[in-house]
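Have a look at the structure below before the remarks.
The values are calculated or read from the model by the stated rules, or taken from the named source; none is laboratory data. Everything numeric in this text was worked out from a predicted model, so none of it was measured. Surface accessibility is based on the protein's heavy atoms, side chains included, excluding ligands, DNA and RNA. Shrake-Rupley method; radii C 1.70, N 1.55, O 1.52, S 1.80 Å.
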Amino acid sequence: QVRLVESGGGLVQPGGSLRLSCAASSIIFSSNTMGWYRQAPGKQRELVARITLSGSTIYADSVKGRFTISRDNAKSTVYLQMNSLKPEDTAVYYCNKAPSVEAYWGQGTQVTVSS
């Protein structure tokens with residue numbers, strides 16, 4: 001079964017941290033660059049970070065220095081460590097291949113940064 005399951009979201013105060021996880025079917029995960037995306041209310045979905053099979057990473061300017069993407073190839077899981085969170089980070093976070101595949105979008109996990 002082809003699927004991506006995101007978890008780890010929640011409500012956090014500004015300056016706080018969260019760690020998101022994405023469990024992927026091996027058919028999606030193996031040999032592919034994986035990405036974390038987010039969609040805030042009223043905005044288009046955007047790529048936040050991506051990581052190649054070998055571990056090379058790229059980040060959106062808005063999260064550089066605060067977010068870290070990583071992957072565990074043995075577990076077919078990709079992570080997003082988010083530190084120094086800001087209210088503008090509030091969004092539903094998704095994982096997918098990078099570039100994304102429309103059929104692979106999951107439910108996402110809600111991240112809300114608010115005091």
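Assorted remarks:
- Per residue, the accessible area of the chain comes to 52 Å² when a 1.4 Å probe rolls over the protein heavy atoms.
- Just so you know, the averaged projected area of the alpha carbon convex hull for the range 50-115 sits at 5.2 nm².
- Normalised by 2.2 N^0.38 Å, where N counts its residues, the alpha-carbon radius of gyration of the chain equals 0.98.
- Working note: 222 nm ellipticity from helices only, DSSP H runs with n ≥ 4, each -39,500 (n - 2.57), summed and divided by the residues of the chain, gives -500 deg cm²/dmol to the nearest 500.
- Here the relative contact order of the chain, from alpha carbon pairs under 8 Å that lie six or more residues apart, stands at 37 percent.
- Length-normalised contact order for the range 51-106 - Cα pairs under 8 Å, 6+ apart - percent: 22 percent
- Using C-alpha pairs under 8 Å with a sequence gap of at least 6, the mean separation divided by the residue count of the range 23-65 gives a relative contact order of 30 percent.
- Cα-based reach from Lys43 at 19 Å (exclusive), listing lysines while leaving out same-chain residues under 8 positions away: Lys86
- Protein accessible area in the chain, 1.4 Å probe - carbon and sulfur %: 46 percent
- Annotation: the antiparallel percentage among DSSP beta bridges lying fully within the chain is about 90.
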